[in-house]
Structure formats: C-alpha cells, structure tokens
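Each remark here refers to the structure printed beneath this line.
The values are calculated or read from the model by the stated rules, or taken from the named source; none is laboratory data. Everything quoted here is computed from the prediction, not taken from an experiment. So basically every Cβ, Gly included, is an ideal-geometry build from the backbone, and we count neighbours across all protein chains shown. These accessible areas exclude ligands, DNA and RNA; they are computed on the full protein's heavy atoms, side chains included. Shrake-Rupley method; radii C 1.70, N 1.55, O 1.52, S 1.80 Å.
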Amino acid sequence: MRIVGVELLEFALPLREPFETSFGVRSERRIILVRLAGEEGGEGWGECVAEEVPSYSYETVDTAWTTLEKFILPAFVGREILGPREILDPVAWIRGHPMAKAAFEMAAWDLQAKEQGVPLWELLGGSGEAVPVGVSVGLQPDQDSLFRKIEAYLERGYARVKLKIKPGRDVELLRGVRDRFPELALQADANAAYTLEDASRLQELDDLDLVLLEQPLGEQELLDHAHLQSLLRTPICLDESIRSLADVRLALELDAGRVFNIKPGRVGGLAESKAIHDLCRARGVPVWCGGMLESGIGRAHNLALATLPGFTLPGDISESRRYWKQDVIDPEFELEEGRMAPVPGAGIGVEPDLGRLRALTNRRIGFGTLSSG
Ligand code: OSB
Ligand code: MG
C-alpha cells in the first residue's frame, strides 16, 4: 500500500459543558486530524489526542503539529507501507511524541482496512460487537448537580461512572455518591494529583467498593504506585504512567497497577495498544479503553479497539452528545440499549462531514496528491 498524499488539519470544537479535572478546566477542544490518500483512491483518517496545554502529557496540539509536519509526514509521502505492525518503522528514530505518531498510525490502519475492504475491528482482531461503555464525569460545582448528572447518564444506559477527584474533593464526594447509588459501578480518576503522603486518605476509599482508582500518583512514580497498591485493597489503574508496552511490563513486575487504561494516542497507536492488550490478556490483567474527549473520528478508532476480548471493563467511550453540540461525523455516536457498536463498513466506518470540516478548519497543510474536497 502506497501513500500518495497526506493532509493535516486543525479545528476547534466547543465542549457542550466545561470539563474540570485536577489539571484544570477545559471548555473547548483543539483537534488535529490526519487524512491519508492511498494509491488505490482510498482515504484513511486519524485523530491526534494531544491537548492544548502540557498537563496530562508533555505533548500539546502545537508540538504534535510540528512533529507531524516536520518529521513524520514527510517520511511517508510516496512511500510503501508494509503492514499495520510496521507502519511506524520509518519514524522509529523519533524519540517520544506518541500522540503525534499515533495520529498518523491510526489513519494508516484505517486506510489499510479500507483498501482490504474490511472493518478496522476485524484487522485488529476484535469482535465488532456492541460493547458496554462508561462515562467520565468532571468535577461539579456541587453535590446536587453531580447527582443529577449521574442520574441522567444512568437513564441513558451507561454501564459505569468515573468521577474525577483531587485533594480536598475526594473521600466525602465519593462517599456521597456511593450512599446515593449503592449498586453503581463507580471508579475515580485523580489524574496524578496525590503523593504517597496522602496514602492514609486514599485508604479511606477502600470502603467504597470502587472498581478501581485511576492514576492517583505522578506519571513517573511507578515505585510509589507499587507502595500505595500494597496499602490498598482497591485496584490501582494506570493511565498517564503508561506510554508503551515496556511501561506495562515494568508496572506488572512491580505490582504498581492491577488494571490498565489503554489510550491508543498515549501509547503511540493501535499496534502498541494491541500488544499491551495481548500481554495483559495472557496474564489475566483487565484493560479498558480510555478517552481524550475525541471527536467521532478518534471515538470510532477507540470503539474498534474496545471490541478486542481483553477489554473486559467499560471504556470512556461516550456518546457524541456527551461532549459536543455537533460532532464532525454524521450520524453521531449514540448508545443503544446501553451499548455502543462500531459503525458497519470498511475501516473505522465513519468519515467527517468535509464541508463542515472545511468551514471549521483553522490551519491546514498538504503533502503529495490529494483528491478535491
Ligand atoms: O484522565 O482519562 C483521563 C480526558 C482528557 C484527558 C484525560 C482524561 C480524560 C477523561 C475523559 O477522563 C474521557 C473521555 O470521555 O473522553
Ligand atoms: Mg485518566
């Protein structure tokens, strides 16, 4: 498969409501999409999950744009791609920047699946079946709005709720929710806001029957996570700490985490995600698919991945309407009877509304030959 053209475009989508985490508040999302043109006329799409500011990760929209424009895309125009696992070989020399690499890699998986006429989930080894999904709820102004929000999500059919926590807004907040919703599949995400000094406070969470506690400590603190895990019954799930299969191997060796959140963007793409999934499945370690407030393009990739058999916990793969007034794909992603399924068709099964995308686009760059539109 030869890539004859590449386009990079950036646009902004306002979030339906602000999303607050221990890092701060987001009210819109700047999104980069990668569009690939294959020699047989097919197109592949990928989304970059880097955020506006370097808080969740050191990458940002601007570092990803520069890395894609200067180093990644020029290596591929006019070049043959050998297979999904070898996609990134020509840029393996680039240190780090997994989110920039993943945006390209995922577009290339989509293109390969389309050129073979198969759905992406099939190429990945998934079932393509509808999967139960969860919702990630940001910090709310008060308990009443939090309860109302959770009730509305449960009515839509979400299979579990994840709440953002931070020091000072943790144990009481979660205890209130547990008292009000005794049966709820509930988990908490601290986005690296604690240190080992908070261990006794975090131990109080053990009585709340949480599915897991996501990334309580700093990104680099695998040893401290192992120490904390030895003090907790609640399973620790790692998010920010995991940037590759090597990180998972180390974390398992140290018992620094007993569950893993796989985000293809954070680990450099779908091939690495699948390798992590395969290792965890072989070891009986549960994984689930995380989210980065993606548009419908990134969501479609995540959903295909989440149909692999080792994704035994509901992912942060929510409906388009949970994030956007209007998504860039049409029809949008919706829950059906509490589950979400990949859209039928080759590749990721969806494509952006090009007219709308053109109207929203703030910057664009093209390499090689691209069809019009
Ligand atoms: O920590 O999982 C996270 C969003 C942006 C950055 C980091 C995280 C999140 C979420 C939202 O929790 C998940 C989603 O619904 O996309
Ligand atoms: Mg997280």
In debye to the nearest 20, the charge dipole size for the chain, taken about the Cα centre with +1 at each Lys and Arg Cβ and -1 at each Asp and Glu Cβ, equals 340 debye
How much net charge surrounds Tyr153 when only other residues with a Cβ under 11 Å from its Cβ are counted (Lys, Arg +1; Asp, Glu -1)? +3
Of Gly349, Ala359, Phe333, which is farthest towards the positive pole of segment 325-373's charge dipole, taken about the Cα centre with +1 and -1 on the beta-carbons of Lys, Arg and Asp, Glu respectively? Ala359
Using r as the Cβ-Cβ distance of Asp278 and Arg358, and R0 as 51 Å, what FRET efficiency do you calculate, to the nearest 0.05? 0.80
Could you please report the charge total around Gln326, scoring K, R as +1 and D, E as -1 over all other residues with beta-carbon less than 12 angstrom from its beta-carbon? 0
Please report the carbon-and-sulfur percent of the accessible area for segment 123-340; probe 1.4 Å, protein heavy atoms only, DNA, RNA and ligands left out. 46 percent
As a test of the formula, what do you get for the chain when each DSSP H run with n ≥ 4 contributes -39,500 (n - 2.57) and the sum is divided by the residue count, at 222 nm and rounded to the nearest 500 deg cm²/dmol? -9000 deg cm²/dmol
Probe 1.4 Å, all chains present, heavy atoms only: Tyr56 accessible area in Å², nearest 10, is 10 Å²
Compactness of segment 136-229 as Cα Rg over 2.2 N^0.38 Å, two decimals: 1.08
Counting only DSSP beta bridges with both residues in the chain, tell me the antiparallel percent, nearest 5. 60 percent
Sorted by average packing, counted as other Cβ atoms within 10 angstrom per residue and highest first, what order do 313-319, 61-67 take? 313-319, 61-67
Taking the Cα of Glu52, stepping 7 Å toward and past its beta carbon, and measuring to each backbone N in segment 113-153: which are under 18 Å? 138-139
For segment 123-340, just run the numbers: alpha carbon Rg, then divide by 2.2 N^0.38 Å, N being how many residues it has. 0.98
Ranking Met1, Met106 from most to least accessible area with a 1.4 Å probe gives Met1, Met106
Express in Å², to the nearest 10, the accessible area of Leu68 obtained by rolling a 1.4 Å probe over the protein heavy atoms while all chains stay in place. 0 Å²
Ignoring any ligand, DNA or RNA, what whole percent of the accessible area of segment 1-120 comes from carbon and sulfur when the probe is 1.4 angstrom? 52 percent
Taking a straight Cα-to-Cα line shorter than 30 Å from Lys114, and setting aside same-chain lysines fewer than 8 residues away, one finds Lys70, Lys101, Lys263, Lys274, Lys325
With a 1.4 Å probe and all protein chains kept in place, how much accessible area does Asp255 have, in Å² rounded to the nearest 10? 60 Å²
Rounded to the nearest 5, what % of the DSSP beta bridges within segment 103-228 are antiparallel ones? 10 percent
Counting DSSP beta bridges with both ends in segment 123-340, the antiparallel % (nearest 5): 15 percent
Unit charges on C-beta of K, R, D, E only; dipole of segment 123-340, Debye: 260 debye
If every Lys and Arg gets +1 and every Asp and Glu gets -1 at its Cβ, then about the Cα centre segment 152-206 yields a dipole, in debye to the nearest 20, of 260 debye
Hey, if we sort Ser273, Ser22 by accessible area with the 1.4 Å probe, largest down, what's the order? Ser22, Ser273
May I ask which residue of Tyr323, Leu250, Leu213 lies farthest towards the positive end of the charge dipole of the chain, with charges of +1 (Lys, Arg) and -1 (Asp, Glu) on Cβ and the Cα centre as origin? Tyr323
Summing Lys, Arg as +1 and Asp, Glu as -1, what charge do residues with Cβ under 13 Å from the Cβ of Glu59 carry, Glu59 excluded? +1
If one computes the Cα centroid of segment 222-249 and of segment 190-221, what distance in Å separates the two points? 10 Å
What is the Cα radius of gyration of the chain over 2.2 N^0.38 Å, N being its residue count? 0.95
So between Gln220 and Glu69, what do we pick up on full extension, going 0.36 nm a residue minus the alpha carbon distance? 51.5 nm
Using the alpha-carbon centroid of each, what span in Å lies between segment 137-171 and segment 21-53? 27 Å
